[in-house]
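Inspection log for the structure reproduced underneath, given as structure tokens.
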Amino acid sequence: MESRPILDTIQMIAEENLDIRTITMGISLFDCIDSDGAKARQKIYDKITHSARDLVKVAEQIQTEYGVPIINKRIAVTPIALVAAASADQDYVAYALTMEKAASELGVDLIGGFSALVQKGYQSGDRKLIASIPQALAETSRVCSSVNVGSTRAGINLDAVGELGHTIKTIAADDPVNCMSLVVFANAVDDNPFMAGAFHGVGEADRVINVGISGPGVVKRALEQVRGQSIDVVSEQIKKTAFKVTRMGQFVGSIAAERLNVPFGIVDLSLAPTPNEGDSVAEILEEIGLERVGAPGTTAALALLNDAVKKGGVMVCEHVGGLSGAFIPVSEDAEMIRAVRAGHLSIEKLEAMTAVCSVGLDMIAVPGNTSAASISGMIADEAAIGMINNKPTAVRVIPATGQDVGDEVEFGGLFGRAPVMRVNPNQPQAFIKRGGHIPAPIHSFKN
Amino acid sequence: MKAIITVVGQDQVGIVARVATELARLKINIVDMSQTLMADNFTMMLSGVWDDQQLSFADAQAALEELGAASGLTIRIQRQAVFDAIQKL
């Protein structure tokens, strides 16, 4: 018996927090469309609860038999703005309640797809869905919402960017914590297993299993063994480690797909941190050689990390997809939180980092008095980075109502806590108020 | 059913006997084993085979976890395929 591989694997799981972050079942709701909203919702409930009836059971079986923790079981559905548009319903909160009921019946952690795709313009369902988001998030606990406002091929819908600044403020006025369930994208992907941005894309099969992996702790521990050596060695070490981590994602996903009799879609090659000690992306960057995340050099170290993870993982999987890259959600990363508290990491530096990694300004608390226009400006900046660089970017900010820099917003569990960060006080009001559409960029003369 | 059972803990008299006795009681046949001491930590790996019509994976796991808790040892049981998947090309 070869004992080394067995001990290595157990160490990765038991001491370095290696886990499968999520098994997400994508479910198409196109066959649930009905001009009668009540009938559509009944069909949606029936399809979700039938399709995913064994999802939680199978995930728990795999966890028991193979000793691999599977943290979340999730569902992603076709963007509701497309499904509900055929009905005469004037608001779509009832659809969110149906999603919540199905998710609760199944025991899944989250359900995504209360979503609209408006990068080129609004159809009637998009307007109703976006107007329903604050109430939908206030009345549900498992439903996740996303809106795609831009893409490399379509440009940026500045009207939607402006509207969503107000939407986020409205959600926060009720309860800032609900803002973590809404993410505003550019270049949103169809097969993302991670929340809050997961939805089942229009070109996807009827049902599919997608898997998101984790494992920052494993990479950090591997890099401790190559201190002081050349950056080439660092890159190689990350690739080798990502290879192992991803193998587990491919393995678990293929077993889950087989047992559920659903096609296996993709593995999302991500390093997703949690607030637990030793499970931090920021600590990897510091292990590479930064005194503190946010120091000059942070963007370069992150670019190397992000690229090496993909290179190491891509050979292992039949299909790679989703958001694939290192995540930098502030509230979910213990070392990021410490760096923000100490004043070593600013929103501007985080924005620069998002140009080279997945996925955007994520889980960042801003002062409660931040204007809707400022939030729209942040969304526009991120969407522009995504549009020009041909990559997904996103904004998930939390206006901390009644709080200011120095205070913190507590989300609980894996979502952690977010120190309120300073926002540049100068206003982009007139820019956002112009509305209209930022044209799609030219793809030559890359400068 | 075939699985790898790993036992880790402070070295003490009778670890092998206790684990083997419990496996015999559960009718789990030991087909391979190796053990070593790593910095006073006793580490043993066993490959076990049993009839899963007679004993479910979850029951085997529960019995071994109980033994582990009573003996101050960490006892894990996992199907072999996970190790091959992660460590072999």
Worksheet item: Magnitude of the Cβ-charge dipole of the stretch A:149-222, K/R +1 and D/E -1, about the Cα centre, nearest 20 debye?
Response: 440 debye
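Per-residue mean of other chain beta-carbon atoms within 10 angstrom of the beta-carbon, peptide B:75-84?
On the way: counts 0, 5, 3, 9, 6, 3, 4, 14, 9, 5.
Counting other chains' Cβ atoms within 10 Å and averaging over B:75-84 gives 6.
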Worksheet entry | Stretch gain in nm, segment A:HIS443-A:LYS240, where the contour uses 0.36 nm per residue and the Cα spacing is subtracted | 69.7 nm
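Quick check: from the Cα gyration tensor, does the stretch B:2-87 come out rounded (a/c under 1.5), prolate or oblate?
The shape class here is oblate.
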Worksheet item: Taking A:LYS310 as the anchor, which lysines have their alpha carbon closer than 28 Å to its alpha carbon, excluding any fewer than eight residues away along the same chain?
Response: A:LYS73, A:LYS220, A:LYS239, A:LYS240, A:LYS244, A:LYS349, A:LYS391, A:LYS446, B:LYS88
Discussion item. Binning at 10 angstrom from zero up to the longest distance, how are the C-alpha pair distances of the stretch A:1-93 distributed in percent?
Written reply: 15, 32, 22, 16, 11, 5, 1
Worksheet item: About its Cα centre, how strong a charge dipole does the stretch B:2-87 have in debye, to the nearest 20, once Lys and Arg get +1 and Asp and Glu get -1 at the Cβ?
Response: 80 debye
Worksheet item: Of all the C-alpha pairs in the stretch A:154-261, what % are more than 23 Å from each other?
Response: 56 percent
Worksheet entry | Charge dipole of chain B about the Cα centre (unit charges at C-beta), most positive-ward option of B:TRP50, B:ALA20, B:ALA85 | B:ALA85
Item to complete: Could you check the simple spin-label distance between B:ALA20 and A:ALA430, using points 7 Å along Cα→Cβ, in nm with one decimal?
Response: 8.6 nm
Discussion item. Tell me which trypsin sites (Lys or Arg not before Pro) from the stretch A:1-64 have a DSSP coil assignment and no more than 11 other beta carbons within 10 Å of their own.
Written reply: none
Fill in: DSSP loop GluC sites (Glu not before Pro) with at most 15 other Cβ within 10 Å excluded, longest remaining stretch of chain A
A:140-276
Worksheet item: Nearest 20 debye, what's the magnitude of the dipole of chain A about its Cα centre given +1 on Lys and Arg Cβ and -1 on Asp and Glu Cβ?
Response: 760 debye
Item to complete: Please give the average number of partner chain Cβ atoms lying within 10 Å of the Cβ of each residue in A:249-255, rounded to a whole number.
Response: 2
Item to complete: Within the stretch A:1-34, find all residues whose amide N lies under 17 Å from a label point positioned 7 Å from the Cα of B:ASP32 along Cα-to-beta-carbon.
Response: A:1-10
Worksheet item: Once Lys and Arg get +1 and Asp and Glu get -1 on their Cβ, which of A:SER151, A:SER331, A:GLY212 lies farthest toward the positive end of the dipole of chain A?
Response: A:SER151
Discussion item. Using +1 at the C-beta of Lys and Arg and -1 at the C-beta of Asp and Glu, which of A:LEU82, A:SER374, A:ALA300 has the Cα lying farthest in the positive direction of the dipole of chain A?
Written reply: A:LEU82
Worksheet entry | Radius, Kirkwood style, for the protein assembly as shown when every pair of distinct Cα atoms is counted (Å) | 24.3 Å
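Computed from the coordinates by the stated procedures, all read-outs in this text should not be read as laboratory data. Treat the numbers as computed from the prediction; the structure is a model and nothing was measured. Here the Cβ is made from the backbone with ideal geometry for all residues, glycine too, and neighbour counts use every protein chain on show.
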